[in-house]
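Reading through the C-alpha cells given below for one structure.
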Amino acid sequence: MYLLTIESTCDETAAAVVTERLEVLSSVVASQDELHERFHGVVPEIAARAHVERILPVIDEALRRANVELTQLDAIAVANTPGLAGSLLVGLMAAKTLCWTLNKPLIAVNHLFAHIYACKIASGEEIFPCVGLIVSGGHTSLYRCENAFTFTPLGGTIDDAAGEAFDKVA
C-alpha cells in the first residue's frame, strides 16, 4: 500500500510517499525562507502563491524518488487544519483533485496531531498512550494521546505560542 501525504499549512510545501508499515519512501520539502526573510515573518498571501507554484513539482518529485506512479497510490492524506487559510487551500485542492481524478480516498489530517504521530514514525516504536507537547510557530499545546486517533487537550497558551519566540530570534 502506498500513501501520498501533502503538507502546506504554512510556508513549506511538502509531499512524502509512505507505505502501510509507515516506511517513508520519499520526503520532499520546498522551503519559502528566502521569500519571507525580508519581512521577518511569514506573509500569508506570499506563502499561498508560492504553494501554487510548488505543489505539483513537489508531488512529482516525491513520487519519482519513491519510484511510485500516481496509479499505484491507495490513498492521499493532506493536512487540513490548523494553518494559514490560503496555504491550506492549495494543499487541499491538490489532494482533492488527485483523489477525484484517481478515484482514491482522501484522508484529512490535523497538522498538530501529525507532529505527535511523527514521533511514532521516527522512533519506529509504539508511543501510545502518551502525553504530547507541541511547540510550534503558531501553537503551544499539551494533549493526552490515548491512541493514534484520540487526542484530548490538556492545556495550551491563550495568547501567543512559545514557538513564535523561537521563530523571532532564530
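Just so it is clear, none of the values below were taken in a lab; they were calculated from the coordinates. Keep in mind that this is a model prediction, so the values were computed, not measured. Using ideal geometry, Cβ is built from the backbone for each residue, glycine included, and neighbour counts are taken over all protein chains shown.
Arranged from highest to lowest average of other beta-carbon atoms within 10 Å per residue, in what order do the peptides 142-148, 57-63, 2-8, 44-50 appear?
The peptides rank, most packed first, as 2-8, 57-63, 44-50, 142-148.
Compute the Cα gyration tensor for segment 16-72, then decide on rounded, prolate or oblate, letting a ≥ b ≥ c be the square roots of its eigenvalues: rounded whenever a/c is under 1.5, prolate when a/b is larger than b/c in the other cases, and oblate in all that remain.
Working: a/c = 3.41, a/b = 2.38, b/c = 1.43.
Prolate, because a/c is 1.5 or more and a/b exceeds b/c.
Quick one: 3J(HN,Hα) in Hz for segment 20-27, Karplus 6.51/-1.76/1.60 with θ = phi - 60°, rounded, Gly and Pro as x.
Calculated HN-Hα couplings, in order: 5, 8, 6, 7, 7, 7, 7, 8 Hz.
Please list, in chain and number order, the residues 5+ apart from THR157 or on another chain whose amide H is under 5 Å from its amide H, with Hs placed from the backbone.
THR140
Using just the C-alpha positions of segment 128-170 as equal point scatterers, what log10 of I(q)/I(0) does the Debye formula give at each q in 0.19 1/Å?
-0.57
Would you please classify the overall shape of the chain from the alpha carbon gyration tensor, given that a ≥ b ≥ c denote the square roots of the eigenvalues, rounded means a/c under 1.5, and beyond that prolate means a/b larger than b/c while oblate covers the rest? Each step should come with its number before you reach the end.
Working: a/c = 1.87, a/b = 1.13, b/c = 1.65.
The shape class here is oblate.
Report for segment 32-148 the percent antiparallel among DSSP-assigned beta bridges with both residues inside it, nearest 5. Each step should come with its number before you reach the end.
Working: 6 of 11 bridges.
So the antiparallel bridges amount to about 55 percent of the total.
Apply the Karplus parameterisation 6.51 cos²θ - 1.76 cosθ + 1.60, with θ equal to phi minus 60°, to every residue of segment 131-137 and state each ³J(HN,Hα) to the nearest whole Hz, in sequence, with x for glycine and proline.
10, x, 10, 10, 10, 10, x
At 222 nm, what helix-only mean residue ellipticity would the chain give, in deg cm²/dmol to the nearest 500, using -39500 (n - 2.57) for each DSSP H run of four or more? Mind dumping the intermediate values first?
Values: 5 runs with 66 residues, N = 170.
Result for the chain, helices only: -12500 deg cm²/dmol.
For segment 67-153, just say rounded, prolate or oblate: build the C-alpha gyration tensor, square-root its eigenvalues into a ≥ b ≥ c, call rounded for a/c under 1.5, and beyond that prolate if a/b exceeds b/c, oblate if not.
It comes out oblate by the Cα gyration axes.
Between segment 22-94 and segment 104-119, how many Å separate their Cα centres?
Comparing the Cα centres of segment 22-94 and segment 104-119, I get a distance of 14 Å.
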